[in-house]
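Notes to accompany the following structure.
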């Protein structure tokens with residue numbers, strides 16, 4: 001196993017390596033609130049997380065419904081944690097951010113997938129009507145622990161879908177209207193890494209490639225936080241919120257169509273990103289990655305109700321991410337992308 005790497009970005013601390021070694025080095029102050037699913041929490045069994053008692057909340061679910069956030073916040077109000085540890089996919093990490101919001105506790109994120117939420121400030125809370133209410137911390141997680149061993153247990157469907165989500169982060173950050181230079185540089189580096197590492201992972205898994213996947217997701221998340229999202233993620237957040245389909249799967253379905261839509265409205269921007277990534281066709285490459293992992297091509301095959309085709313477009317058009325797309329996307333093109341993503 002590679003030695004533990006301890007890095008810093010501004011006030012954020014990034015550790016690559018064994019989670020047990022990382023927690024031993026951190027010596028977190030207690031009490032601790034540890035958030036995740038039962039599966040992800042089990043990855044911390046037998047590991048000393050810090051000083052004082054560690055209270056576990058195992059109620060994480062996809063998209064963080066308001067009731068789950070309320071329950072986790074109530075637990076935090078009860079124990080008054082000095083440290084909050086969130087382990088799992090982006091839903092768990094975002095729940096950690098939602099609980100840490102307004103508190104002075106140290107937030108430690110331990111991703112088990114490639115969503116990149118640990119590197120961003122924003123989080124969403126799913127409302128009863130299917131829409132997401134967003135908010136943001138003043139800064140991303142105080143500490144992030146990337147243990148490549150956590151990727152080894154992910155199935156192909158989960159790894160591939162959330163990997164495409166990370167790849168989408170690099171594309172959107174690289175051609176964002178309000179781009180930030182360091183973010184764009186991170187996006188280009190991550191885009192090249194993920195474009196190569198994801199197809200390799202579809203053929204054969206290795207510890208070395210898992211570390212490269214995490215490094216790519218880390219840079220992609222940094223780029224996303226610096227540059228923001230556009231049309232693709234606006235569509236994914238709406239379609240995921242309305243359907244309940246996991247975010248990574250929605251990304252795999254939508255990304256090729258969203259990129260092709262941007263080829264229509266911002267061809268120079270898409271071409272510049274493709275050239276920087278050393279990829280001839282971004283949409284075709286994303287589609288090829290999805291197929292290599294056996295991911296679904298449409299929402300219809302997942303049993304999503306056809307009503308989403310008419311329900312989603314106006315919500316996407318009103319999403320704040322649309323302002324950061326490299327060029328405006330009109331209602332007809334939004335509707336076309338939704339219809340293509342739905343399929344059927």
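Under 21 Å from residue 146 (Cβ atoms) and touching a residue at least 60 places away in the same chain (Cβ under 8 Å) - does that describe any residue in segment 80-89? Yes, there is a match, as at least one residue in segment 80-89 is under 21 Å from residue 146 (Cβ atoms) and touching a residue at least 60 places away in the same chain (Cβ under 8 Å).
When you look at residue 109, is it out of contact with any strand residue (DSSP E or B) (no Cβ under 7 Å at 6 or more places or on another chain), crowded, with 24+ Cβ neighbours inside 10 Å and under 24 Å from residue 226 (Cβ atoms), yes or no? Steps first, answer last, please.
Values: out of contact with any strand residue (DSSP E or B) (no Cβ under 7 Å at 6 or more places or on another chain): no; crowded, with 24+ Cβ neighbours inside 10 Å: yes; under 24 Å from residue 226 (Cβ atoms): yes.
No, not satisfied.
In the set (1) at pLDDT 95 or above; (2) crowded, with 21+ Cβ neighbours inside 10 Å, the condition left unmet by residue 212 is number (2).
Considering only segment 164-184, state which residues are in contact with a helix residue (DSSP H, G or I) (Cβ under 8 Å, 6 or more places away or on another chain) and either outside the structural domain of residue 251 (by TED's automatic domain parsing) or surrounded by fewer than 24 Cβ atoms within 10 Å (Cβ to Cβ) (or both).
Pass one, segment 164-184, residues in contact with a helix residue (DSSP H, G or I) (Cβ under 8 Å, 6 or more places away or on another chain): 164-180, 182-184.
Listed by number, the residues that qualify are 177, 178, 179, 180, 182, 183, 184.
Among the residues of segment 204-214, those identified as touching a residue at least 24 places away in the same chain (Cβ under 8 Å) and either within 19 Å of the chain's Cα centre (by Cα) or in a helix (DSSP H, G or I) (or both) are 207, 210, 211, 213, 214.
Scanning segment 31-68 for residues that are under 16 Å from residue 96 (Cβ atoms) and assigned to a loop (DSSP other than H, G, I, E, B) yields 31, 36, 37, 49, 58, 59, 60, 61, 62, 63, 64.
One line per residue, one yes/no per condition, for (1) assigned to a strand (DSSP E or B); (2) in the same structural domain as residue 241 (by TED's automatic domain parsing); (3) surrounded by fewer than 18 Cβ atoms within 10 Å (Cβ to Cβ):
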position: 96; (1), (2), (3): no, no, no
position: 104; (1), (2), (3): no, no, yes
position: 113; (1), (2), (3): no, no, no
position: 124; (1), (2), (3): yes, no, no
position: 138; (1), (2), (3): no, no, yes
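Scanning segment 1-30 for residues that are surrounded by fewer than 18 Cβ atoms within 10 Å (Cβ to Cβ) and in a loop (DSSP other than H, G, I, E, B) yields 1, 2, 3, 4, 10, 11, 27, 29, 30.
Given the residues 232, 237, which is the only one that is within 15 Å of residue 174 (Cα to Cα) and either assigned to a helix (DSSP H, G or I) or touching a helix residue (DSSP H, G or I) at 6+ places or on another chain (Cβ under 7 Å) (or both)? Spell out how you get there, then give the answer.
Details: 237 fails: within 15 Å of residue 174 (Cα to Cα).
From the options 232, 237, the qualifying one is 232.
Can you confirm whether residue 167 is part of a helix (DSSP H, G or I), within 29 Å of residue 307 (Cα to Cα) and in contact (Cβ under 8 Å) with a residue 60 or more places away in the chain?
Details: part of a helix (DSSP H, G or I): yes; within 29 Å of residue 307 (Cα to Cα): yes; in contact (Cβ under 8 Å) with a residue 60 or more places away in the chain: yes.
Here the answer is yes, as residue 167 does meet what is asked.
The values are calculated or read from the model by the stated rules, or taken from the named source; none is laboratory data. All values reported here derive from a predicted model rather than from experimental measurement. All Cβ positions, even for glycine, are placed from backbone atoms using ideal geometry, and neighbour counts span all protein chains on display.
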